[in-house]
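Asker: Below you will find the structure I want to go over with you.
The values are calculated or read from the model by the stated rules, or taken from the named source; none is laboratory data. In this text, all values refer to a predicted model and were calculated from it rather than measured experimentally. A quick note on method: Cβ atoms are made from the backbone with ideal geometry, for glycine too, and the neighbour counts reach across all protein chains shown. Calculation scope for accessible area: heavy atoms of the full protein, side chains included, ligands and nucleic acids excluded. Shrake-Rupley method; radii C 1.70, N 1.55, O 1.52, S 1.80 Å.
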Amino acid sequence: MVTVCMLAAMSPTPQPPRPPGAACVRSSGDACPGTLRLHRADDGALARIRIPGGVLAAEGAEALRQAAERFGDGELHLTSRGNVQLRGLAEGDGPELAALLGDAGLMPSARHERVRNVVASPLSGLDGRGAGDIGPWLAALDRLVCGSDRAAALSGRFLFALDDGRGDVDALGADLTLIARDGEGASLRVGAVDTVLTVPAAEGPRAALLAAEAFLDAARDTGAWRLKDLPAEVAAALPAEVSRRLGEAGTTAVTGRHPRPATALEPVPGPVGGSALAVGVPLGRLSTAQWRLLTGAGGFRLTPWRGAVVTGVAPGRAHALLGDLAAAGLITGPGSGWSGVGACVGRPGCAKSLADVRAQAAAAVGPPGRLPVYWSGCERRCGHPHGEWIDVVATPTGHRISHVRGDRPGTPVTVRDDPDALAAAVASARGPRST
Ligand code: SF4
């Protein structure tokens with residue numbers, strides 16, 4: 001028996017920035033939505049289903065498709081953490097939805113369903129790059145998190161990242177990042193610092209869980225949901241505390257430097273290795289027909305860039321499959337104008353939005369740009385990218401366009417009420433993609 005609760009309308013989004021080093025003061029509890037805790041949006045109830053590492057088995061994929069058709073708006077909405085959202089649910093759908101997804105293995109622990117937030121290098125083990133296959137880490141970490149009473153107290157926003165050493169998800173700003181190193185080592189980054197703790201690779205998932213539990217102790221009475229919410233001196237002391245706890249548990253951690261990559265590089269759409277295909281999904285929205293095409297072709301992984309990777313493609317099938325996916329409207333090559341274009345849900349789904357930014361982003365699609373662009377209906381910028389990107393925000397006085405580097409916006413340009421001028425300004429800010 002599972003209990004489903006409905007939240008009052010509130011944003012499932014990060015809070016606005018606060019001064020560096022300042023402690024976080026929360027005015028309410030963590031309202032991040034899940035499968036058992038629905039969020040009331042303007043287009044109906046919303047469920048967010050965690051898919052650790054974006055890795056989805058056939059049974060889970062089919063259950064999600066059925067859920068989108070039976071309860072939702074007929075689409076599967078991909079998030080910037082490789083999770084799936086269902087929108088447009090009725091308020092009473094919760095229990096049936098939870099039963100359907102639970103039966104398909106998508107909810108191994110009801111108590112932990114909102115804290116299984118794990119992004120992972122989506123091409124790990126497929127293209128010969130990286131220092132190791134993080135698949136075993138992913139299974140082990142999920143098992144450890146679901147088996148920890150303490151971890152059930154993490155917020156629904158706390159994020160683990162498993163990077164296979166290529167630096168793609170290491171740049172996503174997770175709270176805890178485990179990085180495969182050449183040889184038998186695993187480096188644990190606690191927050192956004194360049195200092196890491198290196199342990200034997202087999203100890204990596206346990207070290208990540210132990211660090212999460214240390215964070216919970218450090219965050220007690222602070223209201224912090226994420227590491228960046230901690231007072232600066234508390235966050236700075238955390239790696240040493242994690243090292244001490246590892247020592248107590250019999251694992252020696254070696255402290256060293258491993259600078260965090262500035263840019264999170266997503267897979268280039270197209271064939272990967274000999275038996276996989278990467279695709280982009282325009283605005284992260286998949287119809288159930290597109291979903292069936294993608295998930296029926298082999299193994300399936302969602303990426304933290306609102307894309308997907310199909311694995312285990314039979315020899316000789318890749319070319320035809322790529323054609324089918326392109327015909328279905330997916331991004332199958334870097335020459336698509338949709339490459340690098342993202343947007344929040346905007347109007348009419350979100351009451352805070354000042355514009356239908358998804359429609360505006362679609363109208364502005366042109367030749368592929370050099371930099372990613374993200375359109376937001378308000379200053380919260382839900383799901384925005386990291387690293388270097390173009391920020392387009394709807395404001396009461398028009399759309400404000402800024403070039404962001406390392407989460408610092410440059411000098412903005414504002415365009416009012418002129419779609420052609422807006423598209424031209426966005427294209428200019430992104431710059432042309434070199435061929
Ligand atoms: S308008 Fe967009 S950025 Fe603002 S709260 Fe809604 S979804 Fe988030």
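Asker: For the range 177-305, what is the Kirkwood estimate of the hydrodynamic radius, computed as the reciprocal of the mean inverse distance between distinct Cα atoms, to one decimal in Å? Don't skip to the end; give the middle numbers.
Answerer: Numbers: mean 1/r = 0.0574 Å⁻¹.
By the Kirkwood definition, the hydrodynamic radius is 17.4 Å.
Asker: Quick one: pull the percent of accessible area on the range 114-204 belonging to carbon and sulfur, 1.4 Å probe, ligands and nucleic acids left out.
Answerer: In the range 114-204, the share of accessible area belonging to carbon and sulfur is 50 percent.
Asker: A further question on this structure: Projected onto the charge dipole of the range 129-186 (+1 at Lys/Arg Cβ, -1 at Asp/Glu Cβ, origin at the Cα centre), which of S155, L172, G185 gives the Cα projection farthest towards the positive end?
Answerer: My answer, from the dipole projection, is S155.
Asker: Working out 0.36 nm times the residue gap between D133 and D221, then minus their Cα-Cα distance, what length gain in nm do you get to one decimal? Could you put the intermediate results ahead of the total?
Answerer: Working: separation 88, 0.36 × 88 = 31.68 nm, distance 3.81 nm.
Length gained, D133 through D221: 27.9 nm.
Asker: Can you give the Kirkwood hydrodynamic radius for the range 232-384, in Å, rounded to one decimal and based on Cα pairs? List each step's numbers first, then the result.
Answerer: Working: mean 1/r = 0.0544 Å⁻¹.
18.4 Å is the Kirkwood radius here.
Asker: Using the beta-carbon distance between Q66 and D194 and R0 = 35 Å, what value does 1/(1 + (r/R0)^6) give for FRET efficiency, to the nearest 0.05?
Answerer: Working: r = 45 Å, r/R0 = 1.29.
So, using R0 = 35 Å, E works out to roughly 0.20.
Asker: Sticking with this one: From zero up to wherever the largest Cα-Cα distance of the chain sits, split into 20 Å bins and tell me the percent of pairs in each.
Answerer: Whole-percent P(r) values from 0 Å outward: 26, 61, 13, 0.
Asker: Looking only at the range 104-224, where both bridge partners belong to it, what percent of the DSSP beta bridges are antiparallel (to the nearest 5)? Intermediate results must be reported in sequence, preceding the final value.
Answerer: Details: 10 of 17 bridges.
Looking only at bridges with both residues in the range 104-224, the antiparallel portion is about 60 percent.
Asker: Taking 0.36 nm per intervening residue step and subtracting the Cα-Cα distance, what contour gain separates R143 from E388 on full extension?
Answerer: Numbers: separation 245, 0.36 × 245 = 88.20 nm, distance 3.43 nm.
Stretched out fully, the R143 to E388 stretch lengthens by 84.8 nm.
Asker: Just to compare against my own numbers: the Cα pair-distance distribution for the range 57-170, 10 Å bins, whole % per bin, please.
Answerer: So the P(r) values, bin by bin, are 13, 37, 36, 13, 1.
Asker: With labels modelled as points extended 7 Å from the Cα through the Cβ direction, what inter-label distance (nm, one decimal) is found for T397 paired with A202?
Answerer: Label at T397, label at A202, 6.2 nm between them.
Asker: Mind checking which of G173, G323, G125 has the largest fluctuation in a GNM of the chain, springs on alpha carbons under 10 Å?
Answerer: G323
Asker: Between T263 and residues 5 or more places away or on another chain, which pairs have amide H atoms under 5 Å apart, with H built 1.01 Å from N, and which residues are they?
Answerer: Counting only residues 5 or more places away or on other chains, the set is empty.
Asker: Kindly write out, for the range 128-136 in residue order, the coupling ³J(HN,Hα) from the Karplus curve 6.51 cos²θ - 1.76 cosθ + 1.60 (θ = phi - 60°), rounded to whole Hz, with x marking Gly and Pro.
Answerer: x, 9, x, 8, x, 8, 8, x, x
Asker: Still on this model: Between R405 and A262, how many nm apart are label points set 7 Å from Cα along the C-beta direction?
Answerer: Those two pseudo-labels are separated by 0.6 nm.
Asker: On to the next question. Suppose the Debye formula is applied to equal point scatterers at every Cα of the range 314-435; what is log10 I(q)/I(0) at q = 0.10, 0.14, 0.20, 0.22 Å⁻¹?
Answerer: At q = 0.10, 0.14, 0.20, 0.22 Å⁻¹ the computed log10 ratios are -0.33, -0.61, -1.08, -1.25.
Asker: At a temperature of 25 °C and a viscosity of 0.890 mPa s, determine how fast the range 116-180 diffuses translationally according to Stokes-Einstein, using the Kirkwood radius over alpha-carbon pairs as Rh; express D in µm²/s, rounded to the nearest whole number. Walk me through the intermediate numbers first.
Answerer: Working: Rh = 12.1 Å.
After rounding, the answer is 202 µm²/s.
Asker: Separate question: Rounded to whole Å and sorted largest first, what semi-axes of the equivalent ellipsoid does the C-alpha gyration tensor of the range 29-122 yield via the square root of 5 times each eigenvalue?
Answerer: 18, 15, 13
Asker: Under a point spin-label approximation (7 Å from Cα along Cα-to-Cβ), what is the A289-D182 distance to one decimal in nm?
Answerer: Spacing of the two 7 Å Cα→Cβ label points: 4.9 nm.
Asker: Averaged per residue, what accessible area in Å² does the range 295-427 show with a 1.4 Å probe, protein chains only? Walk me through the intermediate numbers first.
Answerer: Values: 5880 Å² over 133 residues.
The answer is 44 Å² per residue.
Asker: Another question about this same structure. Expressed in nm to one decimal, what extension gain is obtained for the pair D417 and A362 from 0.36 nm per residue of sequence separation less their Cα-Cα distance? Don't skip to the end; give the middle numbers.
Answerer: Numbers: separation 55, 0.36 × 55 = 19.80 nm, distance 1.61 nm.
Extending this stretch completely gives an extra 18.2 nm.
Asker: Please give the net charge around R150, taking every other residue with its beta carbon less than 9 angstrom from that of R150, where Lys and Arg add +1 and Asp and Glu add -1. Walk me through the numbers before you get to the answer.
Answerer: On the way: positive: none; negative: D149, E213, D217.
Result for the neighbourhood of R150: -3.
Asker: So how do 218-226, 256-264 stack up, highest first, on mean other-Cβ count within 10 Å? Walk me through the numbers on the way to the answer.
Answerer: On the way: 218-226: 17.2, 256-264: 15.2.
Taking the mean over residues of other Cβ atoms within 10 Å, the ranking is 218-226, 256-264.
Asker: Which Rg and Dmax, in Å, describe the Cα atoms of the range 373-413?
Answerer: Cα-based Rg and Dmax for the range 373-413 come out at 9.3, 27 Å.
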